[in-house]
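*Asks:* Quick one: structure below, then a few questions.
The values are calculated or read from the model by the stated rules, or taken from the named source; none is laboratory data. Computed from a predicted model, the values in this text were never measured in an experiment. When we count neighbours, we look across all protein chains shown, and the Cβ atoms used for this are built from the backbone with ideal geometry, even at glycine.
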Amino acid sequence: MSLIASTAEMVGRDAELELLGAALRRAMAGETSAVLVAGEAGIGKSRLLREFRARAGDDVLMLAGWCLDYGSTPAPYGPLPAILRAALAALGDDAAHAAGPGRDALRVLLPELGPAPADRTSGAEGLREAIANVLEVAAARHPLVIVVEDLHWADDATLTALAFLLRALAGHRILFVFTCRVDEVRRGGSVRTFLVEAERARLLERIEVQRLDPVQVRALVEALNGPTDDAGFARLLERSEGVPFFIEELSCEASGPLPDSLRDVLLVRFDALDEDARRVVRVISASDAVVDHDLLTELAGLDDDRLDAGIRAAVGAAILAVRSDRGYGFRHALLREAVHDDLLPGERSRLHRAYAEALERRAERGECGFEAALAFHWHQAHDARRALGAAIAAAERARTSFAFSSAVRFGELALELWDQVPDAEEVAGRSHLELLKGLGSLLRNAGHDERAIAVVNLALDEVDDSTPPIVRVKLLRDKALYVQNSGRPGAAGLVRQALAAMHDGVEDERLRAVLLNLLAGRLMVEGDLAAAVDAGEQALRIGREGGFENVVSVAANLIASSRLHLGEVDRGLELYELSWEHARDTDAKLRYWVNHSDSLSTLGRYREALKAAERGVEHAKELGLERSSGSILTENMVEPLLELGEVDRAEELLSKDLTLRSFRIFRVYTTASRIRALIWRGRIDEASALLEEWRPTFLAASEVERQVWYSIIDVEMAIGLASGRLADAAQALERMLDHETPRLAHSARRLLDGALIVAGMRATGDAARAGALAERIREAWSEHHAYFEDWGVLVEGLLNGDAVSLREAIAVADRIDGPVMFRSALRLELARALVAVQGDRGEAATALAEAARIAERTGHARLRRETREFADASRLGASPARGDGSELTEREQQVLELIAEGLSNRQIAERLFISIKTVSVHVSAVLRKLGASSRTEAAARHRA
């Protein structure tokens, strides 16, 4: 943690320095890298970084920040303000525009830029986007090394921001370096989760800093004190256990007896200071943050000469370090802990009180940002009353900064202190019930849905006859939201309870409409479409009567989607237009783009769906939310791209997935898309493994979101078709046909694939099973899918299997904008039909050649294989041309060579220093361009 250089040369860290240097070279070449420098306290992580900084030179811009720990509550966004200030300073005149549309959001972290914006609809997402934009612009000027020290103290807001930045800034000249005491990271905690997920996604490389061996220990000791006798060295080696910091501390007493306890070792140099220097050190020990000179002057109670002499003595003894032009901190955190723990209880309490009073005086003078420190210091001073007020203020400050986990901890501190303060309600400015309600909301925003439910239950238990009815209504609404976010059933029932409670004299019509919209949304995703329409229509009426524009927008949006799935397509599309006309805020507008593009895709209008999703992404970009909310719309681009056969682009979008820490329900949809892309490429084993890994999550999500249930059916049918296990594919389809709920529009696309299953069964000689399944598909289609007239022609062509029906279906497939695979599949079936009845072999050969060409162009592995196999079996002509690899890019050629060596995707990623997802995209391109159906075939061609 020190910024002053050690008196000795660094010993035993050449390998670690080389790894850091290699990471920096990759970053300077445009490949964003991230390194975790991990090790126990005192092992030399910061010393290693100082040496690395010195070697990096002036061509690299170093941005450093520290995570701070106020007791058990980390400071929100601890390292980010310092990093941003340094980046903006480096940008100079361009700083004002670097953050893009969301630049005002930076005021949340940097008060000197002006007051935080009153409109914070973009929330934490907009703040993260703005940070990413600043760093992106800075990296365009100079390669960046972003150092975050003491990650073990990071709060959830910081971790979420870092997780976002690691992905959002991919491809830029940036090296992230984190230092962390991994032995202090608790299992199941946020920091551990961050590290595990980042390493699993190959976003983070770990460098373990180990203890020094005996040879290295002797080299360090002699560099510090010169030659040493064997007896003294043996005891120092035993006591230090190879930890460099302990070696330096013990070496200070090399000429005398070594203390028995570690605390005594750490305090040896402190005890040798004069009284003024000890006073300075004790004062600074009460703060983990940098203590500026003016604050130290105020608290130390020394005149300028004595204060300067004390500081100089503490720095000279390597206890303190100058951290900035105006601040001081400890050379090592262990030193601070030892000095602070050595204070007497009364002395410690008085010191924290002095800090709190000094910070309050600064706040009275208009300075800001002290809320977290005040809560910490008043709590340490055992002043429960003032600690409660400070904790409430700190929670509010963290909430408005979108640091919800820190806000939760301060809120929980307030809850803990409540019973210790007789006039707690007056001090907090709210009742105990209101505190619980607010804490539940913070827990929900922090992603702790189960804890949020527990807290809102406590609040509901406090409701009695004296409580205004609207309080119960809002608590039930909140609980419904928490249950919904947790993926548990029951949200709709809770909303109904809230609506029933409004009959007890609650006149808030806007709240009633919001509740009705919430109910309509839950019923829609659960598949109770008629009830969803009814609730939405009530909300729409209230919204129009009250002039509640966003209520009207959301209600129209939800009714549109529900009516569409009930078959009222034209009415649904009209309501989407109404939704956009009344959308006034960010949430309503983005919700429109998300649901409208999804509905168009469900209707098979893939070009329109793609255009709508792209426009939504552009709108998100204008709002400064391209990488966050915009990523949901990016996923809505993937499905139509897959149906249109633009798989390369779909895979590229999936490889830029920004959802490391997003809601799990969204991960379900992106994972289903990944499975479909793998199936398209013929990587069936990988697709099956991914499905089985996620099946428990899929099944749990399908209980509350009906669309997920259809996704399971979809991928199971696709795997069965692609692998030739038609019975498995048919079983998945029949599970959908057996279900009693109304057929959603989602089922139309699955019935279309069902017709492919029938054609496959007929081709393999299972005519009886094919006929029975065909009848079930016809029955379902006639009852529920009148809108999909064009698709109906495709279904009939595949079910009938005769040349006349197939020719008609081919004409339709060529006219509409998707799904493109049917243009190939129908031609293959036509060739089979003509050969089976000894028809026109010329027409059959032409149809088969065109089927093969389409399959080759789109890279559809199953159709490429089946067209080759039928060409060979029917002798209708040579198998489709296979690539010779001449079109491979340089990187693809490298990947092919490593495939030929037998390396897995992970091993290729490690060899080429790229992510596994990027390797996956390159492997797919190699197989497609070579016309190979497997890695083995590609390797054989390369060797040939």
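*Asks:* Being within 18 Å of Pro81 (Cβ to Cβ), buried (at least 20 other Cβ atoms within 10 Å of the Cβ), touching a Cys at 6+ places or on another chain (Cβ under 7 Å) and in contact (Cβ under 8 Å) with a residue 40 or more places away in the chain, is that true of even one residue in region 158-169?
*Replies:* So far as region 158-169 goes, yes, one or more of its residues are within 18 Å of Pro81 (Cβ to Cβ), buried (at least 20 other Cβ atoms within 10 Å of the Cβ), touching a Cys at 6+ places or on another chain (Cβ under 7 Å) and in contact (Cβ under 8 Å) with a residue 40 or more places away in the chain.
*Asks:* Okay, moving on. State the number of residues belonging to region 352-378 that are at positive phi and in contact with a Pro (Cβ under 7 Å, 6 or more places away or on another chain).
*Replies:* 1
*Asks:* Tell me which of these Gly536 doesn't satisfy, since it passes every other one: (1) closer than 24 Å to Arg667 by Cα; (2) not in a loop (DSSP other than H, G, I, E, B).
*Replies:* (1)
*Asks:* Scan region 543-566 for residues that are within 24 Å of Thr602 (Cα to Cα) and surrounded by fewer than 21 Cβ atoms within 10 Å (Cβ to Cβ) and report the count.
*Replies:* 1
*Asks:* Being among the acidic types (Asp, Glu), within 30 Å of Asp104 (Cβ to Cβ), crowded, with 16+ Cβ neighbours inside 10 Å and not assigned by TED's automatic domain parsing to the domain that holds Glu275: is that true of Glu357 here?
*Replies:* no
*Asks:* Still on this structure, please answer the following. Could you tell me whether region 400-411 includes any residue that is surrounded by fewer than 20 Cβ atoms within 10 Å (Cβ to Cβ) and either more than 32 Å from the chain's Cα centre (by Cα) or at pLDDT 95 or above (or both)?
*Replies:* Within region 400-411, the subset surrounded by fewer than 20 Cβ atoms within 10 Å (Cβ to Cβ) is 400.
With the extra rule that they be either more than 32 Å from the chain's Cα centre (by Cα) or at pLDDT 95 or above (or both), the set shrinks to none.
No, because not a single residue in region 400-411 is surrounded by fewer than 20 Cβ atoms within 10 Å (Cβ to Cβ) and either more than 32 Å from the chain's Cα centre (by Cα) or at pLDDT 95 or above (or both).
*Asks:* Quick one: would you say Glu367 is at pLDDT 90 or above and among the acidic types (Asp, Glu)?
*Replies:* Against the criterion (at pLDDT 90 or above and among the acidic types (Asp, Glu)), Glu367 does not qualify.
*Asks:* Buried (at least 20 other Cβ atoms within 10 Å of the Cβ), modelled with pLDDT of 90 or more and within 30 Å of Ser486 (Cβ to Cβ): does that describe Arg674? Reasoning before the result, please.
*Replies:* Working: buried (at least 20 other Cβ atoms within 10 Å of the Cβ): yes; modelled with pLDDT of 90 or more: yes; within 30 Å of Ser486 (Cβ to Cβ): yes.
In short, yes.
Yes or no, residue by residue, for (1) surrounded by fewer than 21 Cβ atoms within 10 Å (Cβ to Cβ); (2) modelled with pLDDT of 80 or more; (3) not charged (D, E, K, R):
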| site | (1), (2), (3) |
| --- | --- |
| Glu901 | yes, yes, no |
| Leu912 | yes, no, yes |
| Ser915 | yes, no, yes |
| Val919 | no, yes, yes |
| His922 | no, yes, yes |
| Leu927 | no, yes, yes |
| Ser934 | yes, no, yes |
| Ala938 | no, yes, yes |
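*Asks:* Separate question: Just to check your reading of the model, which residue among Leu540, Leu518 is within 32 Å of the chain's Cα centre (by Cα), buried (at least 16 other Cβ atoms within 10 Å of the Cβ) and under 19 Å from Ala583 (Cα atoms)?
*Replies:* Leu518
*Asks:* Within region 748-858, considering only helices (runs of 4 or more DSSP H) that don't extend past its boundaries, which have at least 3 residues that are closer than 30 Å to Ser924 by Cβ?
*Replies:* 789-800, 803-815, 821-836, 841-858
*Asks:* Only one of (1) more than 29 Å from Leu169 (Cβ to Cβ); (2) at pLDDT 80 or above fails for Pro880. Which number is that?
*Replies:* (2)
Okay, residues lined up against (1) part of a loop (DSSP other than H, G, I, E, B); (2) at pLDDT 80 or above:
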residue: Ala219; (1), (2): no, yes
residue: Arg235; (1), (2): no, no
residue: Glu238; (1), (2): no, no
residue: Pro259; (1), (2): yes, no
residue: Leu267; (1), (2): no, yes
residue: Arg282; (1), (2): no, yes
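*Asks:* Hey, could you check region 270-280 for residues that are crowded, with 18+ Cβ neighbours inside 10 Å and in a helix (DSSP H, G or I) and say which is nearest to the chain's Cα centre (by Cα)?
*Replies:* Initially, region 270-280 is screened for residues crowded, with 18+ Cβ neighbours inside 10 Å, giving 270, 273, 276-280.
Right, trim to in a helix (DSSP H, G or I) and you get 270, 276-280.
On the way: Phe270: 45, Asp276: 50, Ala277: 47, Arg278: 46, Arg279: 46, Val280: 43 Å.
Looking at the filtered set, the residue picked out is Val280.
*Asks:* Tally the residues that are on the phi < 0 side of the Ramachandran plot and either in a helix (DSSP H, G or I) or free of Cβ contacts under 8 Å to residues at least 24 places away in the same chain (or both), restricting the search to region 284-335.
*Replies:* Residues in region 284-335 being on the phi < 0 side of the Ramachandran plot and either in a helix (DSSP H, G or I) or free of Cβ contacts under 8 Å to residues at least 24 places away in the same chain (or both): 28 in total.
*Asks:* Out of the residues in region 464-497 that are within 14 Å of Glu705 (Cα to Cα) and among the small types (Gly, Ala, Ser), which is surrounded by the fewest Cβ atoms within 10 Å (Cβ to Cβ)?
*Replies:* Gly490
*Asks:* Only one of these is in contact with a helix residue (DSSP H, G or I) (Cβ under 9 Å, 6 or more places away or on another chain), more than 26 Å from Val569 (Cα to Cα) and not basic (Lys, Arg): Asp840, Asp814, Asp790. Name it.
*Replies:* Step by step, each of Asp840, Asp814, Asp790 is checked, and only Asp840 is in contact with a helix residue (DSSP H, G or I) (Cβ under 9 Å, 6 or more places away or on another chain), more than 26 Å from Val569 (Cα to Cα) and not basic (Lys, Arg).
*Asks:* Any residue at all in region 618-633 that's over 23 Å from the mean Cα position of the chain (by Cα) and not hydrophobic (A, V, I, L, M, F, W, C)?
*Replies:* Scanning region 618-633 turns up no residue that is over 23 Å from the mean Cα position of the chain (by Cα) and not hydrophobic (A, V, I, L, M, F, W, C).
*Asks:* Continuing with this model, one more query. Output yes when any residue across region 180-197 is assigned by TED's automatic domain parsing to the domain that holds Gly57, touching a Ser or Thr at 6+ places or on another chain (Cβ under 8 Å) and either under 27 Å from Glu367 (Cα atoms) or at pLDDT 85 or above (or both), and no when none is.
*Replies:* No.
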